[in-house]
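A short reminder: the numbers here are calculations on the coordinates, not readings from a lab. Fair warning: this is a prediction, and the values are worked out from it, not measured in the lab. All Cβ positions, even for glycine, are placed from backbone atoms using ideal geometry, and neighbour counts span all protein chains on display.
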Amino acid sequence: MPKPVTKAIFPVAGMGTRFLPATKSVPKEIMTLVDRPLVQYAIDEARAAGIEEFIFVTARGKSALEDYFDHSPELEQKLIDSGKDDLLAELRHTYMDSGQIAYIRQHKAMGLGHAVWCARRLIGDEPFAVMLPDDVIAAEKPCLQQMVEAYAETGGSVVAAMEVAPEKTKSYGILDVSEDNGTTVKVKGMVEKPAEGTAPSNLAVIGRYILSPNIMSHLDNAKEGAGGEIQLTDAIAKEISSGEGVHGFRFAGERYDCGSKSGFLQATVAFGMARPDLRDDLLDFLSDITAIQAAAQ
Ligand code: G1P
């Protein structure tokens, strides 16, 4: 039985330039999907998977993100006094116990691999999860929990994976598969953002990882890869031949790329529709607006 996964790294140092001007003063991870910040979805998913230590790799301009996890005694008292129990429960749901959350600074934007490596001292010799909050996954059983269960069988390292259209492979880490067992695949190679026409498959890595601590040693001597950045994909690829093996995991669920405007809008509609208090209004609106658009064409 592999060691349990109780630590997760959340790389949140990116400047979010695709969402300018909003991200001029609001960290991307605090942007709101229905009524909660993107990062809260990742935290809820991590908790469901048994994560107990939350390590955020941040950068300048991210203080609103750190504040988000603070306790708010005044607000709490106000909600108690006014008997707003539902909102009080929502508020308390965002709290972390003291010492459960840590912030590390990435001083220079040198890539995802470098961001993860910044947390090496807090990880030590334990397996760990990496969660990219931009990738929001709607699933009956939270994605990381599915992966923790798969990892209990496979050990080594496990990366979330899904098929993408061939013309999209250049935007992802892509798996080269040696054995396809359906839900899990054995990986024999990984390429970060392969040039068009060179991808070894169309099975793409999505932002959920369970990694062996060996990955941190691979990152110790990492060289720049795709885009001139230190890539996490390259460090995981080293683990295939010299370590405990790498598995791809086809998760059950719907992934939204909230790092893109169109993905964020799609997620907003999908998560809105999944909410009983919003569904009917939203559906009426969508059918009206699509009818109007169709008529205008
Ligand atoms: C990162 C990873 C890439 C992965 C992707 C998933 O890329 O480097 O391997 O496929 O996340 O969202 P990014 O989207 O940050 O460029």
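Counting only Cβ charges, +1 for Lys and Arg and -1 for Asp and Glu, the dipole size of the chain around its Cα centre is about 940 debye. Projecting the Cα positions of A222, L265, G248 onto the charge dipole of region 221-277 (unit charges on Cβ atoms of Lys, Arg, Asp and Glu, taken about the Cα centre) puts L265 furthest along the positive direction. Across the options H114, T184, L38, the greatest Cα extent toward the positive end of the charge dipole of the chain (unit charges at beta carbon of Lys, Arg, Asp, Glu) belongs to H114.
This model, with +1 at the C-beta of Lys and Arg and -1 at the C-beta of Asp and Glu, gives region 1-148 a dipole about its Cα centre of some 820 debye. The H on the amide N of Q231, modeled in the peptide plane, is under 5 Å from the matching H of G113, G225, each at least 5 residues off or on a different chain. Distance between the modelled labels on Q77 and D97, one decimal in nanometres: 2.7 nm (7 Å Cα→Cβ projection).
Counting 0.36 nm for each residue step from D125 to T268 and taking away their Cα separation leaves a gain of 47.6 nm. Normalised by residue count, the chain yields a Cα convex hull volume of 164 Å³ per residue. Placing +1 on the Cβ of every Lys and Arg and -1 on the Cβ of every Asp and Glu, with no other charges, gives region 99-141 a dipole of roughly 280 debye about its Cα centre.
For region 155-221, applying the loop criterion from DSSP together with a ceiling of 16 other beta carbons within 10 Å to the GluC sites (Glu not before Pro) yields E196.
Among the GluC sites (Glu not before Pro) in region 40-148, those placed in a DSSP loop whose Cβ has at most 11 other Cβ atoms within 10 Å are E140. The alpha-carbon atoms of region 135-238, seen along their principal axes, cover 36, 33, 28 angstrom, with the largest extent given first. Count the DSSP beta bridges whose two residues both fall in region 37-192, then state the antiparallel fraction as a percent rounded to the nearest 5. For region 37-192, the DSSP antiparallel bridge percentage is about 60. May I ask for log10 I(q)/I(0) of region 133-175 at q = 0.28 Å⁻¹, from a Debye sum over the Cα atoms as equal point scatterers with solvent left out? Computed log10 I(q)/I(0) values: -1.07.
Bridges between two residues of the chain, per DSSP, are antiparallel at a rate of about 60%. Along the axis of the charge dipole computed for the chain (Cβ charges of +1 for Lys and Arg, -1 for Asp and Glu, origin at the Cα centre), the listed residues Q146, P213, Y95 are led at the positive end by P213.
Secondary-structure-derived ellipticity at 222 nm for the chain, considering helices only, amounts to -10500 deg cm²/dmol, per-run term -39500 (n - 2.57) for DSSP H runs with n ≥ 4. Under conditions of 37 °C and 0.692 mPa s, region 230-297 yields 207 µm² s⁻¹ as its translational diffusion coefficient, taking Rh as the Kirkwood radius over Cα pairs in the Stokes-Einstein equation. Normalised Debye scattering of region 1-142 at q = 0.18 Å⁻¹ gives log10 I(q)/I(0) of -1.13, counting only Cα atoms as equal scatterers and leaving out solvent.
Free of any trypsin sites (Lys or Arg not before Pro) that DSSP assigns to a loop and that have at most 15 other C-beta atoms within 10 Å, the longest stretch within the chain is 109-222. Two tests apply to each whole DSSP H helix in the chain, Cα reach of 24 Å or more along its axis and mean Kyte-Doolittle hydropathy of at least -0.5, and the ones passing both are 279-296.
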